[in-house]
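No value in this document is a laboratory result; all are computed from the given coordinates. Here the structure is a predicted model, which means the values were calculated and not measured. Because the Cβ atoms are built from the backbone with ideal geometry, glycine has one as well, and the counts that use them run over all protein chains shown.
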Amino acid sequence: MLYEELATTYDRLESTSSRLEMTSILAEFFRSVDASELRQVVYLTQGKLNPDHVTEKLGMADKMILKAIVDASRLPESYVNDLWMKEGDLGAVAERVTSERVQTNLFSQPLTLERVIDNLRGIEGAEGKNSQTKRIRLLTSLLHDASPLESRYLCRTVTGRMRVGAAAMTILDALAASFGVKEDRQDIERAFNVSSDIGTVAESLARDGIKGVRGIEVQVGRPVRSMLAERLPSMEEILKKLGGRCALEYKYDGIRVQAHISGEGVKLYSRRLEDLTDNFPDVVESLLSSFKGQEAIVEGECVPVDLKTGRLLPFQEVAHRRRKFGMEEAVKEYPVKIFLFDCLKMDDDDLTLRPFPERRDAMERGLEEGEGLLFSRLEIVESAAEAEGFFESALVDGCEGIMAKSLAENSVYRTGNRGFLWIKYKKDYRGDLNDSFDLVVVGAYTGKGKRKGLYGALLMAVHDPESGAFQTVCKLGSGFDDVFLGELPGMLEQHRSSGPSHLLSTRMEADHWFEPAIVLEVMGAEVSVSPTHTAATGLLPEGSGLAVRFPRFTGKVRDDKSAEQATTAAELLNMYRGQTSVSDSEASAKF
Ligand code: AMP
């Protein structure tokens, strides 16, 4: 297959923000792809060569890519550099330059997918002394034969910033449509959730149909997409939702890890499926010494402890120190304990479809508590008074709140999904004010006065999984300290775009725009109806949106969350409806 077919599809995807339209563009395209190439096509559409849980080594530094663009085009370096300063997007620079380049390519060959993959694999695998030169050479060779559009996407791919906006759920919809199995969409999603590998799902579907997809199982060594929690503002509501009786657990303020234990050792994955094994040697050690079976997948929260007092420390604090001291010293100075709270697989048993009490039981039987490994503190409650008591002790013990968990027959591990089988209740939810949100940076305003030369405020958004859009919800200007303000430009630079992302729905202007990537935790005083923001627009009457009032950054960068895992429009609407300042009749009369 020719790479040009992919580039043309990406260009079409980029011209729309409608998830439905993207789905139909992709479905039509997938139909034309041979089963043997579909896996790679799907990865490439996400700007990758591998499934999510394999650490990508494809990314090239901007300067290296510029060098390849100059070499392939034979245009003066200063000219290409100037263009880059103006455009900010290397893909756009490569496209422009390719259309203007000195025509010396008499022997140029059309780019096949196979050749693109070969060269990208070479770039990924280049190691040692001459690796930079080798990478530049491999990219130059592709650019030499590429059309302007192909150049755009080749460069985007090696920067690691594809920007076509084909989220996994859109790709799954498109696969279901193109193979005529829309009614089996749930099975396709489950296969993706248990394998975290969209390429495997696509290839099984193309080769063996829906039967192949149903055969994809939970496997040690392949992370499962995490179950997520909903929230409710009071213990009374939580108990009501969970049938009057539920398990409560401490909500530890750390980093979630999914541990895969086997004869080969332990692998730790983050909620974003990154391999964290090397970051927590102490946790690996604890898991190995406490495990009694053959193989297992368990989940828990890693929390640093203060050596002197034994108290749990907020993770953020340690992240700051780590920057100062370096990893090794941090591990010594702040040992980490893991608090296990779930078990997805024990030996031969896939437990993801079993009720929570059974999973907890399997976890307690399969592992032994020790100094560095504990089971999350749990209590079964039947009244709000009991729950409040447990909540108070969670706070006293240094936790950020509690997790309420369903004990019902259907309390499965809902892979990759948010739902009311787990409900979080944090200290900031008490009362109708002060709720916290995980919001995505989509724009920024140039600072003035004391913030001259820095960003003065950020434009923040929620995510709407239904439409795939990001929707603005507030301008965030407070809660930043000087250190963070200084770090912000560097953090955001690689996500800069020349205008609003095509995935962004906005009525706001901004001085700088960014692709949705960075998630910040923000406290807000209230959710209100707004004519200027677009959050929850699809769920509200025409022209209305929701806004978070008096937003304040809590200091937490949620780098454990991707932009798609930020607070959703529906959650925000629930919060708006749940506010005691909004009377029931007002909330339901309006929406
Ligand atoms: P949030 O990050 O605010 O959406 O809250 C959900 C997160 O709480 C999970 O992803 C875990 O990292 C964390 N957590 C802490 N303690 C528990 C627990 N006992 N059960 C489940 N999740 C927990």
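Taking the DSSP bridge list for the chain and keeping only pairs wholly inside it, about 90 percent are antiparallel.
Would you work out which of PHE315, VAL266, PRO304 lies farthest towards the positive end of the dipole of region 228-429? Charges go on Cβ: Lys and Arg +1, Asp and Glu -1. Looking along the dipole axis, the top candidate is PHE315. For the chain, the alpha-carbon coordinates run over 79, 58, 53 Å along the three principal axes, in decreasing order. Peptides 63-70, 495-502, ordered by how many other C-beta atoms sit within 10 Å of their residues on average, highest first, read 63-70, 495-502. Here the dipole of the chain is about 1320 debye; that uses its Cα centre as origin and unit charges on the Cβ of Lys and Arg (positive) and Asp and Glu (negative). Ranked by how many other Cβ atoms sit within 10 Å of their own Cβ, fewest first, the residues SER178, SER393 fall in the order SER393, SER178.
Rounded to the nearest 20, the size of the Cβ-charge dipole of region 228-429 about its Cα centre is 680 debye, with Lys and Arg at +1 and Asp and Glu at -1. Computed from the Cα positions only, the extents of region 435-587 along the three principal axes stand at 47, 29, 29 Å, in decreasing order. For the pair region 474-511 and region 241-261, the centres of their Cα atoms are 32 angstrom apart. Packing here is the average count of other Cβ atoms within 10 Å per residue, and on that basis the peptides 340-351, 114-125, highest first, run 340-351, 114-125. Backbone phi angles across region 494-503, fed through the Karplus curve with coefficients 6.51, -1.76 and 1.60 (θ = phi - 60°), yield HN-Hα couplings of 6, 9, 4, 9, 6, x, x, 4, 5, 8 Hz in residue order; Gly and Pro are listed as x. Computed from Cα atoms, the angle from the helix 62-73 axis to the main principal axis of the chain rounds to 20 degrees. Does region 47-159 classify as rounded, prolate or oblate by the C-alpha gyration tensor (a ≥ b ≥ c root eigenvalues; a/c under 1.5 gives rounded; else a/b over b/c gives prolate, otherwise oblate)? Verdict is prolate for region 47-159. Loop-located GluC sites (Glu not before Pro) across region 506-578 with a Cβ neighbour count of 13 or fewer within 10 Å are GLU509, GLU542, with loop assigned by DSSP. Take every pair of alpha-carbon atoms less than 8 Å apart whose residues are at least six positions apart; their mean separation over the length of the chain yields a relative contact order of 13 percent. Positive contributions from Lys and Arg (+1) and negative ones from Asp and Glu (-1), summed over other residues with Cβ under 14 Å from the Cβ of LYS452, come out at +1. Backbone phi angles across region 507-518, fed through the Karplus curve with coefficients 6.51, -1.76 and 1.60 (θ = phi - 60°), yield HN-Hα couplings of 10, 8, 9, 8, 7, 9, 10, 9, 5, x, 8, 8 Hz in residue order; Gly and Pro are listed as x.
Magnitude of the charge dipole for region 435-587, about its Cα centre and with charges confined to Cβ atoms of Lys, Arg (+1) and Asp, Glu (-1), is about 580 debye.
Think of the chain as having a plus end and a minus end, set by charges on the Cβ of Lys, Arg, Asp and Glu; of SER530, SER178, LEU205, SER530 sits farthest toward the positive end of this dipole. Summary of packing: across the peptides 163-176, 193-206, 402-415, the per-residue average of other C-beta atoms within 10 Å ranks them, highest first, as 193-206, 163-176, 402-415.
Against the chain, whose longest principal axis is taken from its Cα atoms, helix 3-14 shows a tilt of about 50°.
Can you work out the FRET efficiency for the pair ASP350 and LEU539, with r the C-beta to C-beta distance and R0 = 51 Å, to the nearest 0.05? Efficiency, rounded to the nearest 0.05: 0.90. Hey, what angle do you get for helix 148-159 against the long axis of the chain, alpha-carbon based, 0 to 90 degrees rounded to 10? So the inclination is approximately 40 degrees.
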